[in-house]
Amino acid sequence: MTRIAVIAGSTRPNRNARTVADWVHEHAQDRADAQFDLVDIADQHLPLLDEPMPPAMGQYSKEHTRAWAEKIASYDGFVFVTPEYNHSVPAALKNAVDYLYAEWNNKSIGFVSYGSAGGTRAVEAWRLIAAELQMADVRAQVFLPFGSEFDDDFAFTPTEDAAGALQAVFDQVVAWAEALAPLRSRP
């Protein structure tokens with residue numbers, strides 16, 4: 001069965017990433033076309049990139065990198081739940097991505113983003129990064145602006161429109177993950 005990871009992309013105290021990722025994961029459980037798992041980068045305990053060799057070499061010397069590589073390699077696609085920090089991607093998620101290379105290749109990726117502008121600028125940056133990692137980013141996106149999807153205390157309060165948009169992300173991520181399977185099975 002196709003396996004998709006929903007990745008909570010922030011480690012910040014009082015973050016919204018886990019709450020939003022839990023919401024994404026909960027909606028994914030109604031689907032029968034893929035298995036969706038929640039992966040929280042805060043649980044991975046990855047220090048600032050500390051591998052001596054470039055990730056494209058695949059020569060991981062640290063146990064935390066090998067464990068992270070094994071986890072990511074087991075998935076066919078991803079839904080990144082990403083905040084937007086300073087008009088770009090969160091450092092913790094970028095660090096986690098930068099640890100690996102081949103483990104991301106030929107897999108699909110979709111985005112659920114949040115922030116003052118719904119996280120759209122972070123997603124635009126992620127699309128460039130995904131291309132470098134040979135990932136297929138899908139067109140559908142869920143963007144969650146603070147003004148409509150969060151209350152005055154920044155507690156997540158998703159609308160029905162957001163939930164509807166989420167299904168299109170799932171559809172496209174699963175379809176592309178399946179379409180890319182022949183590329184992942186090549187030696």
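The values are calculated or read from the model by the stated rules, or taken from the named source; none is laboratory data. Please read these numbers as outputs of a predicted model, since none were measured by experiment. Please note: Cβ atoms are built from the backbone with ideal geometry, for glycine as well, and neighbour counts cover all protein chains shown. For accessibility, only protein heavy atoms count, side chains too; no ligands or nucleic acids. Shrake-Rupley method; radii C 1.70, N 1.55, O 1.52, S 1.80 Å.
Residues considered: Arg31, Arg18. Of these, the only one that is touching a residue at least 24 places away in the same chain (Cβ under 8 Å), on the phi < 0 side of the Ramachandran plot, touching a helix residue (DSSP H, G or I) at 6+ places or on another chain (Cβ under 8 Å) and open to solvent by 60 Å² or more (accessible area, probe 1.4 Å) is Arg18.
Taking the stated definitions as given, is Lys71 open to solvent by 50 Å² or more (accessible area, probe 1.4 Å) and touching an Asp or Glu at 6+ places or on another chain (Cβ under 9 Å)?
yes
Scanning region 111-140 for residues that are polar (S, T, N, Q) and open to solvent by 40 Å² or more (accessible area, probe 1.4 Å) returns Ser116, Thr120, Gln134.
Summed over region 34-48, the residues that are open to solvent by 50 Å² or more (accessible area, probe 1.4 Å) and among the aromatic types (Phe, Trp, Tyr) give a count of 0. Within region 82-110, residues that are without any contact (Cβ under 8 Å) to a residue 60 or more places away in the chain sit with their Cβ atoms under 6 Å from residues that are of a type in the set (Ser, Thr, Tyr), at 6+ positions apart or across chains, in these pairs: Tyr99/Thr65. The set of residues from region 74-105 being closer than 18 Å to Glu178 by Cα, in contact with a Lys or Arg (Cβ under 9 Å, 6 or more places away or on another chain) and crowded, with 21+ Cβ neighbours inside 10 Å comprises Tyr75, Asp76, Gly77, Phe78.
On the basis of being part of a loop (DSSP other than H, G, I, E, B) and over 12 Å from the mean Cα position of the chain (by Cα), does Thr19 make the cut? For Thr19, the condition - part of a loop (DSSP other than H, G, I, E, B) and over 12 Å from the mean Cα position of the chain (by Cα) - is not met.
Output yes when any residue across region 2-15 is open to solvent by less than 40 Å² (accessible area, probe 1.4 Å), hydroxyl-bearing (Ser, Thr, Tyr), assigned to a loop (DSSP other than H, G, I, E, B) and farther than 30 Å from Phe154 by Cβ, and no when none is.
Checked region 2-15: at least one residue is open to solvent by less than 40 Å² (accessible area, probe 1.4 Å), hydroxyl-bearing (Ser, Thr, Tyr), assigned to a loop (DSSP other than H, G, I, E, B) and farther than 30 Å from Phe154 by Cβ.
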